[in-house]
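Each remark here refers to the structure printed beneath this line.
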Amino acid sequence: MTDAIVSCRGVSKIFGSGELAVHALREVDLDILSGDFATLAGPSGSGKTTLLNMIGALDTPSSGHVVIDGQDLGSLSKAQLSDLRLNKVGFVFQAYNLIPVLSARENIEFVLELHGLERDERRQRATDILREVGLEGMEDRRPAQLSGGQQQRVAVARALVSRPRIVLADEPTANLDSKTTEELVRLMYRLNREMGTTFVIGTHDPRVMEHSKRHIELLDGRIASDERTG
Amino acid sequence: MMNTIRIFAPLAWRNLWRNPRRTLITLIVVSVGLWSVLAFNSFLNAWTQASKDTTLQLLLGQGQIHAAGYMDDPGVETLMPPPSDGLLKALGDKRISAWASRLVVPSVVQSEYKTLPVMIVGVDPKAERRVSSIPGKVVEGRYLNGPGDDGVVIGKHLAERLKTGLGRRVILMSQGADGLLAEQSFDVVGLYDVDQQTEDYYVFTGRAAGQKFLRLKDEIAEIVFTIPNDQDLAPVIRALKDAAPDMDVRSWKQLSPFLAATNSFMSGFIYIWLSVVFTLMAIGIVNTQLMAVFERTHEFGLLQALGMKPRLVLIMVTMESTLLIGLGVLIGMAMAAASIWATGDGIDLSGFARGLELVQGGQVLYPKFDAGSFVLFSLVIWILGIVVALWPARRASRCSPVEAMRMAT
Ligand SMILES: Nc1ncnc2c1ncn2[C@@H]1O[C@H](COP(=O)(O)OP(=O)(O)OP(=O)(O)O)[C@@H](O)[C@H]1O
Ligand SMILES: [Mg+2]
């Protein structure tokens, strides 16, 4: 037995039907192991986002099985999928990650509220994690008052604050310049090393892949290569 | 649940001000709608009250006592003696503010030009002034001086129809107590001005003078009484019935079923208005909220991706509409209270009423603040508003996180 956090077996995803059917994923077998810092690359339309959505319990496969921390997604209700995401998965999306009416700290506290944490504990953890991602002093800013890079740091902080088993990031650097990209990737890499958090990052960006310890390449909905480098 | 509210209330509150224009539109729709319901309700109540009062004060009183049979066939054969001691005692009840006895019999009035059917009303002017507004509506000449006054006070319109006037004489004819025709000429000493129907029909003279004319002793046709407090009506009627079991005691509702029906129709009218306002309001709320939800599709997807259950999204959006509509309701209540307070000194409709002879309302309306209906209508609007807003909220909770996230990129 491996210590796989997520395992995909024969996962296919078909969007639409008949003539218009799109095979976004075809028979994918994949295990994400605890401590992985993996990048998921491939041309546009190769199925990166679709696969990340499966791994993150945002979507369920058309056929095959996705098992997250022992739970098969196919057997779960919508509400159970919500709980699974809340407890096991952190997300960083390409853009619009934050709730615009909440400050950086409140965006993070919001997730802790969903976890039912008490006010003092929420405050403490939000403050700590924001310091961790280098946003000390910006806790009370709203997303609109933060740069793109700072917003993504808040998103990373939020993804991490509930100590999930796995953090999924779909093109987190797509809207960032190279310096900010570098900083964000270093941040995630450091968190992976220091806290042991598992990361899977969908990306086109060579600067992101540089740091990866595992490089997965998708092509036409199939895994073309899967190499460990670290 | 309390916990959920505590978490989402601040978020819901801030979300309201994300699109101030839309929030403002909803606030205006709700507050103006509620204001119109509340203001209209108090206006309508004042109107109904005033028109009822006007009619009752004319001649009807809150109730009357007759001999059995008089109502079916009013005339000299169906009169009654003056009130007995027992009845006098019952009429002395504190809840009865005044009473008067009248002789009322059908008659014919004749001038040089015309003969018209009327009711001749023999009154005791002193008592009559306390139960009827007509003595105060004499516009030419004078009212009667005492029970023995044998002048007549007739309506202005009747005088025109008879082509007679102050200081002239008219002849009254009726059946006397002996069954023979009674006929006598009377001086017109006063003209009164109310509504045409009353003016055409009632001719007043002293009660003793009338009794003499009809060759009666001290018989009367009716006792009219006034009860200032509506709640006292039923118990007082019951007490009077007990005091005079063989007589015909009736409240104004039985004496004038039409007026009673109008009264309850008018109060029912507010519900028609309420449903009109509510329909318009519902359309407004659903539209603005659907738009708001649609604009935030991505955000609802994000919230669900973060692990917020669809049910919680529904609760959050419903809380937003609860706050929003609640705020509108509060503003509407304040506006309505202000306008009721501003018109508390009375809305003078006399100019309006003169222009429209049809208008039977009292000439000055006094809108009153009725806490019961105020709170009731506000709650109804609030709750119905929230229920309507559940539809957009459901849409929000059904956003699929994947779809919602795709839309943004
Ligand atoms: N909801 C959907 N409905 C229909 N087709 C879809 C849907 N989601 C994805 N697809 C299709 O599935 C295929 C894989 O899409 P996916 O978004 O996973 O690719 P990707 O590798 O993330 O591409 P990109 O690099 O452009 O983000 C594409 O052909 C896409 O058009
Ligand atoms: Mg993608």
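The values are calculated or read from the model by the stated rules, or taken from the named source; none is laboratory data. Keep in mind that what you see is a predicted model, and the values were worked out from it rather than measured. Counting neighbours? That spans all protein chains shown, and the Cβs are built from the backbone with ideal geometry, glycine included. Remember, those area values only see protein heavy atoms, side chains included, never the ligands or the DNA or RNA. Shrake-Rupley method; radii C 1.70, N 1.55, O 1.52, S 1.80 Å.
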For chain A, Rg(Cα) over 2.2 N^0.38 Å is 1.00
Which of B:205, B:262, B:26 fluctuates most in a GNM of chain B (C-alpha springs under 10 Å)? That residue is B:262
Mind scanning A:13/A:48; B:114/B:156; B:94/B:241; B:52/B:94; A:179/A:213 and naming the pairs with a C-alpha gap bigger than 18 Å?
B:52/B:94; A:179/A:213
Using the alpha-carbon atoms, what tilt in degrees (0 to 90, nearest 10) does helix A:148-161 show relative to the longest principal axis of chain A?
80 degrees
Given contacts defined as C-alpha pairs under 8 Å and at least six residues apart, what's the relative contact order of the stretch B:69-245, whole-number percent?
32 percent
Apply the membrane-span-like helix rule to chain B: whole DSSP H runs, Cα extent along the own long axis of at least 24 Å, mean Kyte-Doolittle hydropathy at least 0.0. List the helices found.
B:20-55, B:257-295, B:310-342, B:371-397
At a cut-off of 30 Å², which residues of the stretch A:33-65 become less accessible once all protein chains are present than in their chain alone, using a 1.4 Å probe?
A:58
Residue B:366 paired with residue A:193, simple spin-label distance in nm, labels 7 Å along Cα-to-beta-carbon:
8.7 nm
Select from the stretch A:95-111 all residues whose loss of accessible area on going from the chain by itself to the full protein assembly reaches 40 Å² or more (probe 1.4 Å).
A:96, A:99, A:101, A:110
With the 1.4 Å probe rolled over protein heavy atoms, the stretch B:73-204 has an accessible area per residue in Å² of 47 Å²
Run the accessible area of the protein assembly as shown with a 1.4 Å probe and give the carbon-and-sulfur part as a rounded percent.
55 percent
Relative contact order of chain B: what whole-number percent is it, with Cα pairs under 8 angstrom and at least 6 residues apart?
26 percent
Chain A, relative contact order in percent, only Cα pairs under 8 angstrom and at least six apart counted:
28 percent
Relative to the first principal axis of the alpha-carbon coordinates of chain A, what is the inclination of helix A:104-114, with its axis defined by its Cα atoms, in degrees from 0 to 90 and to the nearest 10?
60 degrees
For the pair A and B, how large is the buried accessible area, both sides, in square angstrom to the nearest 100, if the probe is 1.4 Å?
2300 Å²
DSSP beta bridge pairing in the protein assembly as shown, given as percent antiparallel to the nearest 5
70 percent
Rounded to the nearest 500, the 222 nm mean residue ellipticity computed for chain B from DSSP H runs (n ≥ 4, each -39500 (n - 2.57)) alone is -17500 deg cm²/dmol
Relative to the longest principal Cα axis of chain A, at what angle does helix A:119-132 sit, 0 to 90 degrees, rounded to 10?
80 degrees
Of all beta bridges DSSP finds with both residues in the stretch B:69-245, what is the antiparallel percent, to the nearest 5?
75 percent
Taking only C-alpha positions in the stretch B:69-245, Rg and Dmax in angstrom work out to 16.6, 50
Only counting protein heavy atoms at a 1.4 Å probe, give the residues of the stretch B:293-310, ordered by number, whose accessible area falls by 10 Å² or more when the other protein chains are present relative to the chain alone.
B:298, B:299, B:302, B:303, B:304, B:305, B:306, B:307, B:308, B:309, B:310
Could you give the distance between the Cα centres of the stretch A:152-230 and the stretch A:106-131, to the whole Å?
23 Å
Give me D for the protein assembly as shown in µm² s⁻¹, whole number, from Stokes-Einstein with Rh from the Kirkwood sum over alpha-carbon pairs, 20 °C and 1.002 mPa s.
67 µm²/s
For chain B, divide the Cα radius of gyration by the Kirkwood radius and give the resulting Rg/Rh value with two decimals.
1.23
Pick from A:213, A:13, A:179 the residue whose mean-square fluctuation is largest in a GNM of chain A, springs joining Cα atoms under 10 Å.
A:179
For chain A, built as a Gaussian network whose Cα springs stay under 10 Å, the top-fluctuating residue of A:73, A:20, A:86:
A:20
What is the sum of charges around residue A:88, taking Lys and Arg as +1, Asp and Glu as -1, for the other residues whose C-beta is under 11 Å from the C-beta of residue A:88?
+1
Projecting the Cα atoms of A:44, A:54, A:104 onto the charge dipole of the stretch A:1-146, where Lys and Arg contribute +1 and Asp and Glu -1 at Cβ, the residue farthest towards the positive end is A:44
